[in-house]
Structures are given as C-alpha cells and as structure tokens.
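One structure below.
The values are calculated or read from the model by the stated rules, or taken from the named source; none is laboratory data. From a predicted model like this one, the values you see are computed outputs, not experimental measurements. Backbone-built Cβ (ideal geometry, glycine too); neighbour counts: all protein chains shown.
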Amino acid sequence: LIILALESSCDETSAAVLKNGREVLSNIVSSQIDLHKKFGGVVPEVASRKHVENISYVIDEALDKANVSFKDIDLIGVTYGPGLVGALLVGLSTAKALAYSLDKPLVGVNHIEGHIYANFIEHKNLEPPFICLIVSGGHTHLVYMKDYGVYEVLGKTRDDAAGEAFDKVARAIGLGYPGGPIIDKLSKKGNKNAINFPRTYLENDSLDFSFSGLKSAVLNYLNNSKMKGISIIKEDVAASFQQAVIDVLVDKTILAAKRCGVDTIVIAGGVAANSGLRQLLKERTEKNNFKLMFPPISLCTDNAAMIGCAAYYDYINGYSADMYLNAIPNLKIGQKYERI
Ligand code: ATP
Ligand code: MG
Ligand code: FE
C-alpha cells in the first residue's frame, strides 16, 4: 500500500510518500519559519497563502524522491484538524482533488494523533498500549494509547501549551522565534537552579497542566530586574524556566504510566525535541523501569510522514473519509470523521 500524505495545519507545508505505514520513501518539509520570524509568530493569512504557493512543488518533490508517480498511489492521507482553518483547507482541498481524480480512498488524520505516530516510524516494533506525552506548539496532552485509534486523554493543559510557553518566554527575553530550540541551547550554558520559578501541579493526582503562571513569573522576574536596573543572565533565566517546565512534564508522565500499568512511555511533538526533557525522562524512566521512546528531531516537529503513518492505521482499521471531509480547527483526539 503506497500512501501520499499531506500536512498544512500550521506553518509547514509537507508531503510524504510511505509504504505500508512505517516505511518512509520521502518526507519533504517546507518550513515558513523565516517568513513569520519578523512577526514573532505565525500569521494565519500569510501561512495560508504560502501553503497555496508551495504545495504542488512539495508534492512533486515527494513523488520524485520516492521514485513513484500518481498512478502508484493507493491512498491519500491528510491533516484535517486541529490547526489554522485557512492553512488546513489548502492541504485538505488538494488531497480531496487528488483522491477524486485518482479515484483512491481519502483518510482525514488528526494532527495531534499524527504526532504520536512519528514514533511508529522510528521504532518498528513499537505497539500500543503505551503512555504518550504530546508536547507541541499548541497542545500539551497526556494520552493513554490503548490500541491503534483508541485513545484516552488522561490530562491536558488548562491554559498555555508547553511550546507556547517556550515561545512566549523566549520573546520576552528577546531571543527570537521559535523560542523552544533557542531556550534549549541557551539552557545548556545556564544554571537551572539560579531562579526558583513555580511548578504548577494543580490538584493532588491531577494529570492536567498549567503553564500560564510560570510564564507570568518569568515576565515578572524580567520586569522587576529591569525596574531595579539589574541585568539578567539570559542563560540562567532560560535554564531555570526550562527546568520548571520539564520537572512537571516528567513527574506527571511517570505518574500516568504507573497509574495505567503500562511499561512503555513515548513522547511526541515539537517540545519532545528538547534535550533537557529527553535527559530527565531518560533518568526517571530508567529508575522506574519504563521503556522510553522518542522520534528523531526531524519527526518531532510538523511533517507529513507522521500523517501518512496515522492514515495507514486509520485506513486498515476501517476509517476513511469522503468528499464531505472539512477542516475542523479544534478537532479532538480520538474524534472520528462523521459525514455531517
Ligand atoms: P500543534 O502540533 O499543537 O498544532 P505546532 O504544530 O505548531 O502545534 P510543533 O510543530 O509540534 O507545534 O512544535 C513546535 C513547537 O515546538 C514550538 O513551540 C517550538 O518552540 C517547540 N520546540 C521545538 N524544538 C524545541 C526544543 N528543542 N525545546 C523546546 N521546544 C521546542
Ligand atoms: Mg511549525
Ligand atoms: Fe504540530
């Protein structure tokens, strides 16, 4: 089964070709980061327009690199949510046009579920059940993946996503966009115990997250320092902030795995690229006898290969869409396509 997958939910235009779900023949990602940098974040209208300009080239390159043509494609997979509606519609309309003209099945994929599937590409023997910590630009979820397509959301953020907190704090320190990778790099040179930023655990045993209080604490620290005329050490602020985020992420992930009685923990999403998070999780999973898996950095951030992998498993489990498939900006994990 040869799959062509498209992803355009945010600021990456991507197309990939896969064979039977886990074998990636090509994965072309055209990032718009440089375009949005001057605005300090993704501008939705600009993103949609750039997707329109790029998508045909990205698809051509993906087919080329995989050494296949349209007639070899058996299945079209596409992200239909969550994400920016205008951006989603570009990939979705393209996918529908292709599925219709090639007369091949169409599968609508949930982008956040897609992030989890990046792990199946990297780890050929990985099978559910496991606990997945999904930490991305717009989402922070602890998910119990019981089987393919079967998810229980154990907890999620009540305000900012982890990646969003990284991006906002980086902007406040004046580090540029996107902030996650820059804070990660700076942290290595800083003292993580320099500033005692708050860790928000919420109610006892809660697996939900909250990062807006931490973000405010960092902003207050920066403002206070400025008012008092004290110069800040960016490396220390970055390292102390990052540690406050990952302490909570790791504690709750371990708690979730213990509670569900699984032996495997996986991480996914852009923030799963964070070296501090990977390191602390490695230590804590070893100590608690859990297996830990994560995707390579290239599969942590947005890409169509993960969407193709999810499309494959959705399809063989009986889920496909039709020409009524529409973009759903707030699509929930586990929500299945229904013709309305
Ligand atoms: P979503 O998947 O929730 O719709 P998104 O697709 O924009 O959002 P991703 O592409 O998964 O998010 O991830 C981007 C986020 O990951 C950004 O917030 C970025 O700062 C963060 N990020 C990337 N690399 C790192 C890193 N090394 N450390 C921390 N954060 C990182
Ligand atoms: Mg992105
Ligand atoms: Fe994403």
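The sole residue among Asp167, Asp147, Asp160, Asp103 that is near ligand 1 (Cβ under 9 Å from one of its atoms) and of a type in the set (Asp, Glu) is Asp167. For Ser14, indicate whether it is crowded, with 17+ Cβ neighbours inside 10 Å, modelled with pLDDT of 95 or more, within 16 Å of the chain's Cα centre (by Cα) and not in a strand (DSSP E or B). No; evaluated as a whole, the condition is false for this residue. May I ask you to list the residues in the stretch 266-294 that are within 30 Å of Ile76 (Cα to Cα) and away from ligand 3 (no atom under 12 Å from the Cβ)? Across the stretch 266-294, the qualifying residues are Val266, Ile267, Met293, Phe294. Only a single criterion out of (1) within 16 Å of ligand 1 (Cβ to nearest atom); (2) of a type outside the set (Phe, Trp, Tyr); (3) assigned to a helix (DSSP H, G or I); (4) in contact with a helix residue (DSSP H, G or I) (Cβ under 8 Å, 6 or more places away or on another chain) is not satisfied by Arg284, namely (1). Please name all residue pairs, on different chains or six or more residues apart, with Cβ atoms under 6 Å, provided the first residue is in the stretch 30-54 and is assigned to a loop (DSSP other than H, G, I, E, B) and the second residue is more than 16 Å from ligand 3 (Cβ to nearest atom). Short answer, once both residue conditions are applied: Gln32/Lys50; Gly40/Arg171.
Scanning the stretch 313-335 for residues that are more than 23 Å from Gly86 (Cβ to Cβ) and within 19 Å of the chain's Cα centre (by Cα), we see that the one that is surrounded by the most Cβ atoms within 10 Å (Cβ to Cβ) is Asp314. Considering the stretch 86-114, and only residues there that are within 16 Å of ligand 2 (Cβ to nearest atom) and over 21 Å from Met145 (Cβ atoms), the residue that is surrounded by the most Cβ atoms within 10 Å (Cβ to Cβ) turns out to be Ala87.
Residues of the stretch 225-278 that are within 16 Å of ligand 2 (Cβ to nearest atom) and either among the β-branched types (Val, Ile, Thr) or in a helix (DSSP H, G or I) (or both): Gly270, Val271, Ala272, Ala273.
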